[in-house]
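*Asks:* One structure coming up, written as structure tokens, with questions to follow.
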Amino acid sequence: MSPRRKNKKPRGGARRRAPERGGRRPKKRTCQFCEANQGYVDYKDVGQLRKFMSDRAKIRSSRVTGNCPRCQRKVATAIKNAREMALLPYIGK
């Protein structure tokens, strides 16, 4: 005997779509390193690396910073190297 379905949505029905949202889209940010044709990220340039960190010393995502995937990996590695050399904090204030 199969279990009865109580108060369930019918199977195979058409799903409701979310209403179309209007408004403007934010401008796509471009990668700072690719724009300047700079092939490297210097771990000793603490001022530049701080732009890619939050106030709690977390590495910001590429969605927030606008970096391409290759440069985001370089930035993350440079921040980690700078932390090892005690140029940047591991935790924020």
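Just so it is clear, none of the values below were taken in a lab; they were calculated from the coordinates. Note that this is a predicted model, so its numbers are computed, not measured. Virtual Cβ from ideal backbone geometry, glycine too; neighbours counted across all protein chains shown.
*Asks:* Note down the nm distance, to one decimal, between modelled labels 7 Å out along Cα→Cβ at residue 24 and at residue 50.
*Replies:* About 3.1 nm separates the two model spin labels.
*Asks:* How much length is gained if the chain between residue 73 and residue 90 is pulled fully straight, taking 0.36 nm per residue apart and subtracting their Cα-Cα distance, in nm to one decimal? Intermediate values should be presented prior to the final figure.
*Replies:* Working: separation 17, 0.36 × 17 = 6.12 nm, distance 1.78 nm.
Stretched fully, the residue 73-residue 90 segment lengthens by 4.3 nm.
*Asks:* Charges at C-beta only: +1 for Lys and Arg, -1 for Asp and Glu. How large is the resulting dipole of region 32-84 about its Cα centre, in Debye rounded to 20? Don't skip to the answer; put the middle values down first.
*Replies:* Details: 12 positive and 5 negative charges, 52 e Å.
So the magnitude is around 260 debye.
*Asks:* Enumerate by residue number the chymotrypsin sites (Phe, Trp or Tyr not before Pro) in region 37-78 meeting two conditions: DSSP loop (anything except H, G, I, E, B), and at most 10 other Cβ atoms within 10 Å of the site's Cβ. All intermediate terms of the calculation are to be shown ahead of the outcome.
*Replies:* On the way: sites: 40, 43, 52; in loops: 40, 43, 52.
Qualifying residues, ordered by number: 40.
*Asks:* Treating cross-link reach as a plain straight distance, find the aspartates and glutamates whose alpha-carbon is under 18 Å from the alpha-carbon of residue 74, omitting any fewer than eight places away in the same chain.
*Replies:* Within the straight-line limit of under 18 Å, residue 74 reaches these aspartates and glutamates: 35, 42, 45, 84.
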